[in-house]
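What follows is calculated from the coordinates using simple rules that are stated; it is not laboratory data. Small disclaimer: the values here were computed from a predicted structure and weren't measured. We place every Cβ from the backbone using ideal geometry, glycine too, and count neighbours over all the protein chains shown.
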Amino acid sequence: MQEKLRIHHYHSAIVGWLELCTSSRGVRSIGFVSAPSEEAVCHGDPMMDRLIAELDDYFAGKLRKFSVPLDPDPGTNFQGRVWKQLTTIPYGQTRSYAQIAAGIGDAKAARAVGSANGCNPIPIIIPCHRVVKADSTLGGYSSGVHIKKKLLELEGV
């Protein structure tokens, strides 16, 4: 039997609506949405409550490193390696796509790193917004470059 996932809609003045999804093991996904959906909303769940508290602190500028456990769909082996590498980028810093590629041992995979970033199921916590082009311009962001810019500004970049 598949575990029931919990969904909650969260609003931040910085990025708008987020759809949060958790399991009993951790955060499954964070999605940028234009408005809450009609799906049942989770209240009073310890994992969801912890995620919301950490997001509140992050958006208030009080939290620099998330500690809530993660439980994403694993993606491909390559995506998993990229996502793990992204978690090593410190708050308030950026890395280039090429640096991430080198960090996973595949220096020629900068474009593939960009593609893996676009598939990241847990943006913000797995900080794909901290990856920029080699010339320090923003590059893309699956939910819009304007959101990437706001997240980086929040972190003082």
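So the values come out like this:
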quantity: Relative contact order, percent, the chain [alpha-carbon distance under 8 Å, six or more residues apart]; calculated: 21
quantity: Partner aspartates and glutamates for Lys149 [C-alpha distance under 16 Å; skip if fewer than 8 residues away on the same chain]; calculated: Asp135
quantity: Sum of -39500 (n - 2.57) over DSSP H runs of 4+, divided by residues of the chain (222 nm, nearest 500); calculated: -9500 deg cm²/dmol
quantity: Globularity index of the range 1-91, i.e. its alpha-carbon radius of gyration over 2.2 N^0.38 Å; calculated: 1.12
quantity: Nearby lysines by direct alpha-carbon distance to Lys108 (threshold 16 angstrom, same-chain neighbours under 8 apart not counted); calculated: Lys133
quantity: Mean separation of Cα contacts under 8 Å (6+ apart) over length of the range 77-154, as relative contact order %; calculated: 31
quantity: Nearby lysines by direct alpha-carbon distance to Lys4 (threshold 27 angstrom, same-chain neighbours under 8 apart not counted); calculated: Lys84
quantity: Rounded FRET efficiency, nearest 0.05, which uses the C-beta distance separating Ala13 from Ser136 and R0 of 41 Å; calculated: 0.95
quantity: Inverse of mean 1/r across different Cα pairs in the range 77-154, Kirkwood, Å; calculated: 12.1
